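Accompanying notes for the structure given below.
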Amino acid sequence: MAAPAPRDADEDPCFDEILALRPHLSVAIEAGLMVEGVPLARIAAAHGTPSWVYSASTIEGRYRALAEALSGAGLDARIHYAMKANDALAVVRLLGTLGAGADVVSGGEFLAARAAGIAPGDIVFSGVGKTEAELRTALAAGVGQINVESAEELAMLGAIAASMGLSAPVALRVNPDVDAGTHAKITTGRAENKFGIPIDAARDLYARAANTAGIRLRGVAVHIGSQITALAPYRAAYARLAELVRSLRAEGLPVERVDCGGGLGIPYRNEPAPSPAAFAHVLRETVGALGLPLMLEPGRWLVGPAGLLLARVILEKQGALRRFVILDAAMNDLIRPSLYEAWHAIVPVSATRWHAPLAPAEVVGPVCESGDTFASGRMLPPLGPGELVAILDAGAYGAVMSSTYNARPLAAAVMVRGDEVAVIRPRQSHEALIAQDVIPPWLASGR
Ligand code: LLP
């Protein structure tokens with residue numbers, strides 16, 4: 001996100017504006033808010049709340065729009081979906097069937113990508129601290145590319161691969177020292193961040209890597225941050241990357257491909273976010289001239305707008321100074337507002353509320369922290385007990401960042417396509433939540 005959004009309700013888009021920008025949502029008089037052809041009230045009745053609801057057609061449409069923008073710009077670019085944004089197997093499988101590979105950052109994500117049907121050769125393993133066990137698993141399975149983030153990791157990976165009689169396919173992730181202009185907690189391409197190899201050191205390390213046993217150099221990679229809504233940081237980072245590739249080639253070093261990372265932002269509130277065509281144009285102007293295959297690792301752009309968190313109002317409470325709308329969803333479900341002061345649109349599900357008089361509300365969850373706030377001073381209609389609301393654009397970094405804080409089970413997730421609904425992750429039961437715990441024998445006979 002750019003600078004934390006000002007909490008001035010006047011600048012918030014109205015419900016109709018919110019809907020106009022989200023074609024998979026509509027409101028019908030009887031049915032209320034619908035995702036594709038399915039009323040959210042029906043999903044709540046069948047599967048309970050809080051629930052994540054994902055629109056398959058939206059994910060599909062966004063993947064196609066991005067892929068077409070890239071090919072339309074004359075680029076040979078392959079999309080590797082950054083599954084940290086949403087690791088539901090159904091979501092990964094859907095993107096895989098459309099042609100995406102996967103970008104993973106842990107052994108767990110690697111296994112999940114495989115379980116979703118992504119071929120090992122279509123998986124990129126990123127991340128600043130991969131363990132030996134994770135690297136061994138990925139190498140043994142035939143991972144497509146490992147993005148190495150330091151000289152230390154290169155040495156470790158070379159030794160592991162050589163001991164297995166393998167050559168690890170490697171790209172060096174460089175840190176271009178570019179400010180992505182995003183929230184401090186999700187910027188990754190500044191010199192002070194933990195990510196990547198300083199770009200000035202990358203040339204020497206690349207030359208060294210070319211002669212390291214167990215390493216097969218594929219190319220270079222960069223990722224400067226997330227929720228990037230301006231193109232200038234991309235232009236600067238990719239220009240530096242292209243310059244690096246040219247100097248590597250001038251030294252006769254092999255560069256087969258360039259991984260351009262992810263980070264493309266989406267409009268949560270009314271931020272002007274770049275179009276895929278404008279982004280593709282920047283790629284073409286910078287790394288495009290290298291004539292190499294490109295890779296991209298988008299997460300949020302593909303799935304963020306496609307998901308929402310469906311919640312029910314527990315009660316509306318009139319505090320001393322403010323009106324509180326207390327939902328059955330909380331910060332343990334969707335932590336983005338608490339963690340990054342992120343703005344998410346919140347809309348009523350009932351059509352009768354759609355044009356009712358608005359008044360400011362604090363939209364909160366039941367967790368015992370004041371930070372458990374989805375929105376502050378948000379203009380909303382009266383919302384009585386049992387009414388439903390949808391917290392929008394929660395398809396990325398929503399369910400994946402959930403916890404069970406306050407012993408709250410993980411919410412259910414459903415996927416909608418047309419007028420079909422499928423549960424893609426059942427709600428965790430209270431029993432399952434405590435089933436992993438073990439009471440030591442010396443306490444077992446307690447009073
Ligand atoms: N590649 C790498 C190496 C990454 O670290 C990330 C995200 C991506 C790709 C995908 O970035 P995207 O296209 O989704 O922006 N929890 C935060 C976002 C953290 C992003 C971490 N890295 C949030 O809710 O805003």
Charge dipole (debye, nearest 20) of the stretch 57-301; +1 at Cβ of Lys and Arg, -1 at Cβ of Asp and Glu: 260
Built amide H within the under 5 Å cut-off of ASP103, gap 5+: TYR81, ALA82, MET83, VAL124
Order by protection proxy (mean Cβ within 10 Å, highest first), peptides 367-373, 211-217: 211-217, 367-373
17 Å Cα-Cα reach of LYS185 towards lysines, excluding residues that sit fewer than 8 places from it in its own chain: LYS84, LYS194
Farthest positive-ward along the stretch 57-301 dipole, Cα basis, beta-carbon charges - from THR188, THR131, ALA116: ALA116
For the stretch 381-392, Karplus couplings with θ = phi - 60° (6.51, -1.76, 1.60), whole Hz, Gly/Pro x: x, x, 9, x, x, x, 6, 9, 10, 10, 9, 8
Dipole axis of the chain (+1 Lys, Arg; -1 Asp, Glu on Cβ), positive-most option in ALA20, GLY96, SER163: SER163
Residue of ALA394, ALA306, ALA151 that the Gaussian network model of the chain assigns the largest fluctuation, springs spanning Cα pairs under 10 Å: ALA151
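Can you put SER150, SER429 in order of Cβ neighbours within 10 angstrom, beginning with the fewest?
On the way: SER150 19, SER429 11.
So the ranking, lowest neighbour count to highest, is SER429, SER150.
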For the stretch 223-273 versus the stretch 59-124, the gap between their alpha-carbon centres in whole angstrom: 18
Interchain or long-range residues, amide H under 5 Å from VAL38's placed H: none
Amide H within-cut-off set for MET295, under 5 Å, with H built and near neighbours excluded: ARG78, VAL258, ASP259, CYS260
Ranking of ASP103, ASP87, ASP419 by count of other Cβ atoms within 10 Å, fewest first: ASP419, ASP87, ASP103
Among ALA77, ALA435, ALA422: highest mean-square fluctuation, GNM of the chain, C-alpha pairs under 10 Å: ALA435
Helix runs (DSSP H) in the chain reaching 24 Å along axis by Cα, Kyte-Doolittle at least -0.5: 232-250
Listed residues ALA412, GLY107, GLY307: farthest to the positive end of the dipole of the chain (Cβ charges): GLY107
PHE195, PHE110 arranged by Cβ crowding within 10 Å, fewest neighbours leading: PHE195, PHE110
The chain - share of DSSP beta bridges that are antiparallel (%, nearest 5): 50
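Computed from the coordinates by the stated procedures, all read-outs in this text should not be read as laboratory data. Note that the structure is a prediction, hence the values are computed from the model and not measured. All Cβ positions, even for glycine, are placed from backbone atoms using ideal geometry, and neighbour counts span all protein chains on display.
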